[in-house]
Amino acid sequence: MATSPLRIAVGVATASRGELVKQTIGLLRNQTRIPDLLLACPLVSDKVSDRDFPNLPFPIVVATGPCGLCAQRNDILARAADCDVVVFFDDDFLPERHYLEQLEQIFQSEKDVVGVTGKVLADGVTGPGLSLEQGLKILQKENWDRRGGSRPVYGLYGCNMAFRMDCVRDNQLRFDENLPLYGWQEDMDFAHQVAQCGRLVQNDLLRGVHLGVKAGRSVGVRLGYSQIANPVYLTKKGTMSWRHARWLMSRNIAANLARSVIPEPWVDRRGRLKGNVLALLDVLRGKASPARILQL
């Protein structure tokens with residue numbers, strides 16, 4: 001029995017990466033299954049418009065949004081309301097060209113899957129970052145095959161994650177705008193809201209490269225504060241377990257402390273450590289809040 005095609009929207013929230021996002025969105029023309037709709041949400045200051053994407057083989061809507069990843073992604077959700085699936089790609093994520101084709105097949109064949117993320121072949125976030133050329137070379141070296149399956153995961157990786165829109169619509173789900181700016185752990189929070197409808201999985205048939213571009217990310221102190229305040233907030237909200245939060249916070253504190261002596265050139269370890277300390281003090285005083293980073 002033939003399955004009906006799904007209406008798939010690709011959403012890209014971007015900030016301070018106007019030139020890069022023009023290139024990464026343009027590369028989606030190479031997908032073996034093109035999106036039915038591309039929704040881009042840049043900041044006004046990025047000066048990106050739909051005129052920057054001529055001759056794409058799919059419709060594109062570019063609508064500037066408020067500053068903050070969660071607010072931008074909520075704008076995308078609202079515009080994708082008539083779609084079956086929304087997939088969020090970071091503006092520096094390069095999907096392998098079969099990504100959307102395989103994504104459609106997963107949602108068609110696994111009816112209980114409501115959220116899915118793919119296999120990241122290389123992640124520049126853990127190092128100095130990758131150039132667009134480096135990312136494309138990694139994809140070119142990837143030998144395509146159709147082996148792979150879905151396995152349960154605790155949460156989804158925000159650089160590439162897709163959701164069934166009926167669950168989002170029926171439950172009026174939104175990204176939590178109490179997580180401002182870069183919205184650290186917003187992917188975990190939203191995925192766990194969607195999980196009330198079914199399974200969250202990772203599938204290795206979905207592959208790509210995350211460049212991990214440093215421009216546009218939160219400064220050290222702010223990110224360090226978020227590394228503590230956001231998990232504490234999400235545990236109280238009920239979308240993150242205390243066990244996972246303790247592991248996440250202790251891992252980041254340990255890394256920032258150990259590497260603050262001789263920090264990597266691309267990471268403000270001392271700033272992050274200072275943010276960790278400020279947040280821990282606020283936790284002890286009962287005053288920790290993700291929004292505090294707006295004052296730092």
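The values are calculated or read from the model by the stated rules, or taken from the named source; none is laboratory data. All values derive from a computational prediction rather than experimental measurement. Note that each Cβ is placed from the backbone with ideal geometry, even for glycine, and that neighbours are counted across all protein chains shown.
Screening the range 1-37 for residues that are among the hydrophobic types (A, V, I, L, M, F, W, C) and farther than 14 Å from Ile60 by Cα and picking the one that is farthest from the chain's Cα centre (by Cα) gives Met1. What are the residues in the range 123-143 that are surrounded by 11 or more Cβ atoms within 10 Å (Cβ to Cβ) and part of a loop (DSSP other than H, G, I, E, B), if any? Those that are surrounded by 11 or more Cβ atoms within 10 Å (Cβ to Cβ) and part of a loop (DSSP other than H, G, I, E, B): Gly127, Pro128, Gly129, Leu130, Ser131, Glu142.
For (1) aliphatic (A, V, I, L, M); (2) free of Cβ contacts under 8 Å to residues at least 24 places away in the same chain; (3) surrounded by fewer than 19 Cβ atoms within 10 Å (Cβ to Cβ); (4) closer than 24 Å to Thr14 by Cβ, each residue gets a yes or a no:
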site	(1), (2), (3), (4)
Ala191	yes, no, no, yes
Arg199	no, no, yes, no
Leu206	yes, no, no, yes
Leu211	yes, no, no, yes
Lys214	no, no, yes, yes
Val221	yes, no, no, yes
Tyr225	no, no, no, yes
Pro231	no, no, no, no
Lys236	no, yes, yes, no
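Considering the range 169-187, the residues that are closer than 21 Å to Gly220 by Cα and out of contact with any Ser or Thr (no Cβ under 7 Å at 6 or more places or on another chain) include one that is surrounded by the fewest Cβ atoms within 10 Å (Cβ to Cβ), namely Asn178.
Among residues of the range 69-94 being more than 15 Å from Phe163 (Cβ to Cβ) and in contact with an Asp or Glu (Cβ under 9 Å, 6 or more places away or on another chain), the one that is surrounded by the fewest Cβ atoms within 10 Å (Cβ to Cβ) is Ala71.
No other residue among Gly212, Gly216, Gly224, Gly183 is at pLDDT 95 or above and either assigned to a loop (DSSP other than H, G, I, E, B) or not hydrophobic (A, V, I, L, M, F, W, C) (or both) apart from Gly224.
For the range 86-102, indicate whether the set of residues that are out of contact with any Ser or Thr (no Cβ under 7 Å at 6 or more places or on another chain), of a type in the set (Ser, Thr, Tyr) and modelled with pLDDT under 95 is non-empty. No; the residues of the range 86-102 include none that is out of contact with any Ser or Thr (no Cβ under 7 Å at 6 or more places or on another chain), of a type in the set (Ser, Thr, Tyr) and modelled with pLDDT under 95.
When the test is whether a residue is in a loop (DSSP other than H, G, I, E, B) and under 30 Å from Ala195 (Cα atoms), Thr235 does not pass it.
Highlighted here are the strands (runs of 3 or more DSSP E) found entirely within the range 54-122 that include at least 1 residues which are β-branched (Val, Ile, Thr): 60-62, 85-89.
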